[in-house]
1. Report the label-to-label distance for residue 296 and residue 74 in nanometres (one decimal), using points 7 Å from each Cα along the Cα→Cβ vector.
2. Where both residues lie in the chain, what percent of DSSP beta bridges are antiparallel, nearest 5?
3. Of the options 294, 321, 63, report the single residue whose Cα projects farthest towards the positive end of the charge dipole of the chain (beta-carbon charges: Lys, Arg +1; Asp, Glu -1).
4. What is the local net charge at residue 67, summed over the other residues whose Cβ is closer than 14 Å to its Cβ (Lys, Arg +1; Asp, Glu -1)?
5. Mind telling me which of 164, 90, 308 comes out most flexible in a GNM of the chain, alpha-carbon contacts under 10 Å?
6. Can you classify segment 1-157 as rounded, prolate or oblate using the Cα gyration tensor, where a ≥ b ≥ c are the square roots of its eigenvalues, rounded means a/c under 1.5, and otherwise it's prolate if a/b beats b/c and oblate if not?
7. Please determine, in degrees from 0 to 90 and to the nearest 10, the orientation of helix 171-181 with respect to the longest principal axis defined by the Cα atoms of the chain, where the helix direction is its Cα long axis.
8. Let's see if you can work this out: charge +1 on each Lys and Arg Cβ, -1 on each Asp and Glu Cβ, no other charges. What is the dipole magnitude of the chain about its Cα centre, in debye to the nearest 20?
Amino acid sequence: MTYQQPVYILAIESSCDDTSVAVMRDDVLLSNVTASQDVHRAYGGVVPELASRAHQQNIVPVVDQALRLSGVTKEQLSAVAVTLGPGLLGSLLVGVSFAKGFATALGIPLIDVNHLQGHVMAHFIREDGIDNTPPPYPFLCLLVSGGNSQIVLVRAWNDMEVLGQTIDDAAGEAIDKCAKVMGLGYPGGPVIDRLARQGNPHAYKFAEPNIPGLDYSFSGMKTSFLYDMRRRTAEEPDFIEHHKEDIAASVEFTVVDILMKKLCLAVEQTGIKHVAVAGGVSANNGLRNAFRTAAQEKGWTVYIPKFGYTTDNAAMIAIVAYHKFLAGEFCDISRPPFSKTTFK
């Protein structure tokens, strides 16, 4: 379907603890505003009830700011898009309820977006004056975050197949839990990343589970790490503090090695050498370096997103919504949010 007038979409992402709103003109991003929640640091992880309350406080001012920064009025909007799932139900309900009310009040369509599909499609976001070469179809995407670790075969924006996924913990979850054992606070991923730049990735060895096919497992690695740290701190109480850079580098190396071995297998099985990475863990420098190394050594063409598009953000929701708008795929106002991790 072709539109003579620009398509203006306001998109809302509230699947976890970030309230994010973006405004997009066709596939060009005009604004992307995110309000994060610091309240969870004291608890070492996201508290769902506190997250939903913070979304209620943030949603109106974030929408207002996103519209003002974009220079678009609400009367110009063509549609309102929102993450329908997967995610925390309480958090999703805030964004979905607001989106339904806003779309109804404006008399424009509502578009539902799958959070995971958004992460994959973040590679297709354009910005004025900035060159961006998205991956050609078909391509492979390693989707890694605190809650998801998947290898996805992407044939089109609306045709994605999960080739392999974690059977227990996600990569980001494993890193955060190792960071917690080390006393690094929450979220631990960025701290591990920073410390790892100063450490020896081969200082310590942790278990890498042997899972058949393209599926992942990180529970064994996490357990191996825990027992190893317990043994070493029993002998030397300040062991972690004295060796935290090497420990962080070894944790990062092990997680990245597990991820890349399966991804290399997926490339071999499919013959597809256009390979992208997405999700919060794609901000990790060790994983980004592994992708660049694979490009040089294996002849892959790799696609690494801007840091701003790695964590949860509404721009990735807006780009999927733009394609769904052109296809005339709108959401019935009665559809509820869902928490299950799936592309369906």
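What follows is calculated from the coordinates using simple rules that are stated; it is not laboratory data. Not measured: the values here are computed from a predicted model. Positions of Cβ are generated from backbone atoms using ideal geometry, with glycine treated the same way; all protein chains shown enter the neighbour counts.
1. So the label points at residue 296 and residue 74 sit 5.2 nm apart.
2. 60 percent
3. Towards the positive end, the residue furthest out is 321.
4. Residues close to residue 67 contribute a combined charge of +1.
5. For the chain, modelled as a Gaussian network with Cα springs under 10 Å, the answer is 308.
6. Details: a/c = 1.75, a/b = 1.10, b/c = 1.59.
Oblate is the answer for segment 1-157, as a/c is 1.5 or above yet b/c matches or exceeds a/b.
7. 50 degrees
8. About 200 debye.
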